[in-house]
Each structure stands twice: as C-alpha cells, then as structure tokens.
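Reviewing the structure listed below.
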Amino acid sequence: MKTITKITVILVLILMIGIDSCRKFEEFPDEPVIKYENFLVGYNPSTGITERGVLIISYTDGNGDIGLDDDDIYPPYNPGSEYYYNMVIDYFEMQNGEFVEVPLVWWNPVDQKYDTLTFNSRIPVLIPKIASQAIKGTIQDTLFIYNPLSDFDTIKFSVYIIDRALNKSNVVETPPIIRISAPTTNVR
C-alpha cells in the first residue's frame, strides 16, 4: 500500500472516531419519568356516543428497563400481583363537583355475574433486557371511555408506569374529559 493511501485511511479513521466521540447521549434518572401529552376523544357516529379515547404520554428512563415479555409471569410479575401490570391507569368520574375513582363493571355471560374491568396494561419490552441505555419516547393507549352504567359525563384518568426494577414513575392525570356527541376532538 502506498504511503499516501495509508495516511488517507488513518486520517479517515481518526475523523470517524472524532465525529463519533462528539455525539452527546442524553442522561435520565433510572426511575421512569412520564409526562401527559394529550387525550384524543373519538366519537362513534354509528352508535351516537363517545366510546373511545387515546391516552398519549411521553417517557424517559435512564437504564431502559421498561417493559415486560409475555413470559414474565413469575414473581414479582405474576398475575394478581401489584407488578403484573406495568402501566397502571385509574378511572375517575366527576360526581357532585368532585372526581371520584370508580370501578367499572361489565356483565360476564359465562359466569353470569358482573366483573370488574381494568384499564391497566403491560408495556412490552422496549429494548433487550441485556441492554442498558437511556431511552425516551411516547406511549399511546386506546381506552374505552363509555360507561353505560353511569349518568356522569365528565371523567379523567391518572397513570403511572413501573420498570423491571420495580421503580414507579411519577403520576400524571388527564384534564377533565367530557364525553360528547360531536366529531373527534383533542383535550390538551
């Protein structure tokens, strides 16, 4: 190899290393942090009621350990434990001027009794479990907001997430959401 070619290769490598070392990685706390972004309310013209909404939150996590696999069903993530769901959502209705947490029920035709519904969910693993790096992004969750057993039209949700190390995030709330009979709107 000619000397000029060797020098060119070395300079290109030094330049690439220099550019790569200039990248700044964001740093976040190891505990997840969430922020309310929006709630999109959807009106169903075929039923004439507001049935669904999409909750949008953003998140950061310093070590990227948000998410559970389908096979994460052993303690502490076992069904029935407080860590089975890693996104916890509570439902509130405005009753007599105050928001009250309300359990939602539905008729279970198999058992012939009412069962309690949950808005809680399991966020899937966002990066491989063996990796450890800061992450950020948004989560969108579609929620059924129509409660046929309620006469109240103003609701809200609170939400927090839990990472694999069992660190709980802060709690965020939606603003009041009025179930309306009009085209899709945004709640900011």
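Subtracting the Cα-Cα distance from 0.36 nm times the residue separation, let me have the gained length for Ser121 to Glu173 in nm, one decimal.
Here the answer is 17.1 nm.
How much space per residue, in cubic angstrom, does the convex hull of the C-alpha atoms of the range 55-131 take up? Don't jump to the answer; show the numbers that get you there.
Numbers: hull volume 11.6 nm³, N = 77.
Hull volume normalised by residue count: 151 Å³.
May I ask you to compute the full-extension gain from Ala165 to Ser132, defined as 0.36 nm times their residue separation minus their alpha-carbon distance, rounded to one decimal in nm?
On the way: separation 33, 0.36 × 33 = 11.88 nm, distance 1.22 nm.
Using 0.36 nm per residue and subtracting the Cα-Cα distance, I get 10.7 nm.
Which length gain, in nm to one decimal place, applies between Val110 and Ser58 when the Cα-Cα distance is subtracted from 0.36 nm times their residue separation?
Result: 14.9 nm gained on full extension.
Report the calculated FRET efficiency for Glu37 and Asn78 (r = Cβ-Cβ distance, R0 = 41 Å), to the nearest 0.05. Intermediate values should be presented prior to the final figure.
Details: r = 31 Å, r/R0 = 0.76.
Calculated transfer efficiency: 0.85.
Calculated FRET efficiency, Asp151 and Glu26, Cβ-Cβ r, R0 35 Å, to nearest 0.05?
0.15
Return the inverse of the average 1/r over all pairs of distinct C-alpha atoms in the range 27-187, which is the Kirkwood hydrodynamic radius, in Å to one decimal. Don't skip to the answer; put the middle values down first.
On the way: mean 1/r = 0.0584 Å⁻¹.
It works out to 17.1 Å.
Mind giving me the FRET efficiency for Asp71 and Thr142? R0 is 30 Å, r the Cβ-Cβ distance, nearest 0.05 is fine.
0.75
So which GluC sites (Glu not before Pro) in the range 70-113 end up in coil per DSSP with only 13 or fewer other C-beta atoms within 10 Å?
Numbers: sites: Glu82, Glu93, Glu98, Glu101; in loops: Glu82.
Taking the range 70-113 and a limit of 13 other Cβ atoms within 10 Å, the loop GluC sites (Glu not before Pro) found are Glu82.
Bear in mind these aren't lab numbers, they're just calculated from the coordinates by the rules spelled out. No experiment lies behind these values; they were computed from the predicted model shown. No Cβ is skipped: glycine too gets one built from the backbone with ideal geometry, and neighbour counts run over all protein chains shown.
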